[in-house]
Amino acid sequence: MKKEQRKKYLIPAGICVLLLIVLGYYYFFTSFTGQDHVCYVYVDQDDSYDSLVHKLEPIAKKHCLHGFCILSHHSNLSKRVHTGRYAIKPSMGAFTVFRHLKNGLQDPVNVVVPSVRTMQDMAGALSRKLMLDSTTLAKALTDEQECQKYGYDTTTIAALFIPNTYDLYWDSSVDKLLTRMKKENDKFWDESRKQKASALRLSPTEVCTLASIVDEETANNQEKPMIAGMYYNRLMLRDAKYPQGMPLQADPTIKFAWKDFGLKRIYNNLLHIHSPYNTYVNPGLPPGPIRVASIAGIDAVLNMVHHNYLYMCAKEDFSGTHNFAATYEEHMANARRYAAALNKRGIK
């Protein structure tokens, strides 16, 4: 072929190749979304390829979505969609978005594990941040065999959770979630904390149980070590009057026994409930935590203030702190002042 003829064919071919490169870049590598911030797409187990495309439509440029569909139909993405939470960043093109969705390269979610009173509340809180169904999670947390897999039972499972913020995958299963919580629990209970618990003759679960009572008594973290010391004195007291130890007589356990957390005052008629959580009747700690203990509450127990107080009563100034007493007579004087303050405010 003569040089002129080759040139005649090469120039159009070169133009076509260049055009294909430009079009390829335009469809597959220009910014997928017109937004200037990260957008998130949530793909759950009910999503199909069509519903995924529908979720992408509001944030995708039309030509980029078309490029995404071309890539998808030449792979198995159109047949199998990975669940998860996917970040669509302004710098991403259709090819990167496609690759992340095809390979399940999702972004984790910052999930706050809260200090809540019941496992139903925990299930509800976590299901609002994860793909998990709250009923499924609540069922697992109230199932003996499921709880035993992580070293707890249904009365102590609250001690598994250490309230904090964790990076979790949005589509985590119940097993993956609880396995992660067990890993974080093991990390939290390092040798230092274990040694402190052992010195108090308490197991980590018992520390969490006592801490849950302390947390219910006050939101004032500075006072928690004092309250922990008072309850510990009752727990360890052995004398002629209390051969099995002085009952904790913790009002929050009565609220838990009645499952009435709105109670403002604990009257005598509420103290006769038949429940292992009634610490006015049963000596020692209740069967398990009455809420998920906070880190501040746990550390307050491990680093409690050692004193001789056996009683405490909320201060009459409603500051959220307490008056402490070593004798019952001193305590009753404190209690009368607080009761008068409640009556004055009409609190029943």
Quick count over the range 260-275, residues being open to solvent by 60 Å² or more (accessible area, probe 1.4 Å) and free of Cβ contacts under 8 Å to residues at least 24 places away in the same chain, is 6
Sole exception among (1) within 20 Å of ALA296 (Cβ to Cβ); (2) assigned to a loop (DSSP other than H, G, I, E, B); (3) aromatic (Phe, Trp, Tyr) for PHE256, by number: (2)
Cβ pairs under 6 Å, 6+ apart, first in the range 160-178 and part of a loop (DSSP other than H, G, I, E, B), second of a type in the set (Ser, Thr, Tyr): PRO163/SER115; PRO163/SER294; ASP171/THR83
Exactly one condition in (1) open to solvent by less than 30 Å² (accessible area, probe 1.4 Å); (2) in contact with a strand residue (DSSP E or B) (Cβ under 9 Å, 6 or more places away or on another chain); (3) at pLDDT 95 or above; (4) not in a helix (DSSP H, G or I) is false for ASN278; which is it? (2)
Those residues of the range 56-84 that are open to solvent by 30 Å² or more (accessible area, probe 1.4 Å), within 12 Å of VAL97 (Cα to Cα) and polar (S, T, N, Q) come to a total of 0
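Any residue in the range 309-320 that is within 28 Å of the chain's Cα centre (by Cα) and farther than 26 Å from ALA197 by Cβ?
yes
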Please pick out the residue among MET131, MET122 that is open to solvent by 30 Å² or more (accessible area, probe 1.4 Å), modelled with pLDDT of 95 or more and aliphatic (A, V, I, L, M). MET131
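Starting from residues that are part of a loop (DSSP other than H, G, I, E, B) and either in contact with a helix residue (DSSP H, G or I) (Cβ under 8 Å, 6 or more places away or on another chain) or open to solvent by less than 50 Å² (accessible area, probe 1.4 Å) (or both), keep the ones in the range 242-253 and report whichever is farthest from TYR232 (Cα to Cα).
Result: TYR242.
The values are calculated or read from the model by the stated rules, or taken from the named source; none is laboratory data. Keep in mind that this is a model prediction, so the values were computed, not measured. Positions of Cβ are backbone-derived with ideal geometry, glycine not excepted, and every protein chain shown enters the neighbour counts. Each accessible area value is taken on the protein alone, full model and side chains, heavy atoms only, with ligands, DNA and RNA left out. Shrake-Rupley method; radii C 1.70, N 1.55, O 1.52, S 1.80 Å.
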